[in-house]
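Let me begin by presenting the structure, written as structure tokens, before commenting on it.
The values are calculated or read from the model by the stated rules, or taken from the named source; none is laboratory data. Nothing here was measured: the structure is a model prediction, and the numbers come from that model. When we count neighbours, we look across all protein chains shown, and the Cβ atoms used for this are built from the backbone with ideal geometry, even at glycine.
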Amino acid sequence: MGRLPLIIVACLFIIAFDVYCFKAIVSVFKKWKPTTKRIFGILYWAYSILLIIGVFAGIYLNLFLTLRAIILVAFFLTVACKLAMLPFLILDDLRRLFIKLFRNKKEIVVEDGSKTAEPINTNDPISRSEFLVKAGLVAAAVPLTSLSWGIISGAYDYQVRRVNLILPNLPKAFDGITMGQISDIHSGSFYNKTAVKGGVDMLLAEKPDFIFFTGDLVNNLTNEVRDYQDIFAKVKAPLGVYSTLGNHDYGDYYFGKESSPAKVKNLQDIIDVHKVMGYDLLMNQNRRLKVDGEEIGILGIENWGMGRFPKYGKMELAVQNTDDLPVKLLLSHDPSHWRGEVLQKYPQIDAMFSGHTHGMQFGVRLKEYQWSPVQYIYKEWAGLYQEQKQQLYVNVGYGFLGYPGRVGILPEITIFTLKRA
């Protein structure tokens, strides 16, 4: 099934869902005057239809990023609220079905004292439970409140996380050197240039010696970064900025997995943007980072994912001519690559740096405890992990995707201090 038919099916499903919710809401507000019901109906359906039109316009028309963001916010909050109400409506329908099944017959006593059953009128409507429907409306207010707060407060609430990275073989010249990491910018989702610039200023205020960007500059198309390119071009460091591509940077979700001239051009444009911004993009390549005559290796591969995520990375190319380097740091967007290949085949990789998970932009992240639904998908999803002598750090991302906010899992700027012990 193509992209357009899938969108049409989704819209029909949303309309059917809207009808279901609308009838349930109207059924319990019996005291509303006819005029009030009519006004509510007009507003309800006008909003729903305009929202669907807006989604189509956001996909197929070149709307301003801010307008697209507003449409996305409205769509996400609307769906989240109705999904929160859905269990209560289903429970009420099960209650009504149960009543209908056991009300089909009623016992009556005849003159001789025996009992018989007489069918009743099964066409009599069974009213909805006012309590359950109103409870559903209250439940819908919970995601509306928390997710709205996540948009207002969490989307650009950048957090600097400091990590001591112990590398026993680290050359003496690198002991105490600092490195920054950001990941998952997703510039096509942004709607506040001032806030985005504020995060970059926070990174630069830390004065890291070198910086990693671990992929997903855009959501789908290179032109999404147009309005933010000048901001991220300010990301500089004395020893360089090194980057790699993420699964969204290839245009697979827009053009499909098959190659086409437009898709090839889009990828080349992404590569060119990294170059223009001054990022050293590593595509199955490596660099030697030298300080006072001593060297470590920086390796970067294209996206290497599990399951439905693209697997373009070629580690055999990235590790070429690095055997003499005492420490090797790997940029690889998807953390599943660490367990899927690096631990098994490349014990010479001392530390890998990833993003991709976003921490699902929802959860709890404290100093000694963290939880997110994404942990049931990814074993390594946020923070520092170690197995034997190899380490992995997963950055939960600078931007956001889908839900235009964050609750509990806030956008991250990581500052590492490299240490020998």
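For this structure, a couple of remarks:
- Taken over segment 313-327, residues that are more than 22 Å from L239 (Cβ to Cβ) and either crowded, with 16+ Cβ neighbours inside 10 Å or of a type in the set (A, V, I, L, M) (or both) amount to 3.
- The listed residue being at pLDDT below 95, closer than 30 Å to K263 by Cβ and of a type in the set (F, W, Y), out of F212, F190: F190
The rows are residues; the columns are (1) part of a loop (DSSP other than H, G, I, E, B); (2) under 23 Å from L392 (Cα atoms); (3) in contact (Cβ under 8 Å) with a residue 40 or more places away in the chain.
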site	(1), (2), (3)
Y156	yes, no, yes
V160	no, yes, yes
V163	no, yes, yes
A173	no, yes, yes
M179	no, yes, yes
D184	yes, yes, yes
G188	no, no, yes
G198	no, no, yes
M202	no, no, yes
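- Scanning segment 379-418 for residues being in a strand (DSSP E or B) and farther than 28 Å from T178 by Cβ gives a total of 1.
- Taken over segment 237-268, the residue count meeting the criterion of being more than 21 Å from the chain's Cα centre (by Cα), surrounded by 13 or more Cβ atoms within 10 Å (Cβ to Cβ) and under 30 Å from K290 (Cα atoms) is 5.
- Filter result (closer than 17 Å to V163 by Cα and either buried (at least 22 other Cβ atoms within 10 Å of the Cβ) or basic (K, R) (or both)) within segment 366-388: K367, W381, A382
- Y393 vs. criteria over 12 Å from the mean Cα position of the chain (by Cα), over 23 Å from N220 (Cα atoms) and surrounded by 18 or more Cβ atoms within 10 Å (Cβ to Cβ): yes
- Flag for T214 being assigned by TED's automatic domain parsing to the domain that holds M306 and either surrounded by fewer than 18 Cβ atoms within 10 Å (Cβ to Cβ) or in contact with a strand residue (DSSP E or B) (Cβ under 8 Å, 6 or more places away or on another chain) (or both): yes
- Verdict on L330 being over 17 Å from L282 (Cα atoms) and buried (at least 19 other Cβ atoms within 10 Å of the Cβ): no
- Checklist (1) at pLDDT 85 or above; (2) in contact with a Phe, Trp or Tyr (Cβ under 6 Å, 6 or more places away or on another chain) applied to L86, failing item: (2)
- Residue within segment 283-304 that is in the same structural domain as H356 (by TED's automatic domain parsing), within 26 Å of the chain's Cα centre (by Cα), surrounded by fewer than 21 Cβ atoms within 10 Å (Cβ to Cβ) and aliphatic (A, V, I, L, M) present: yes
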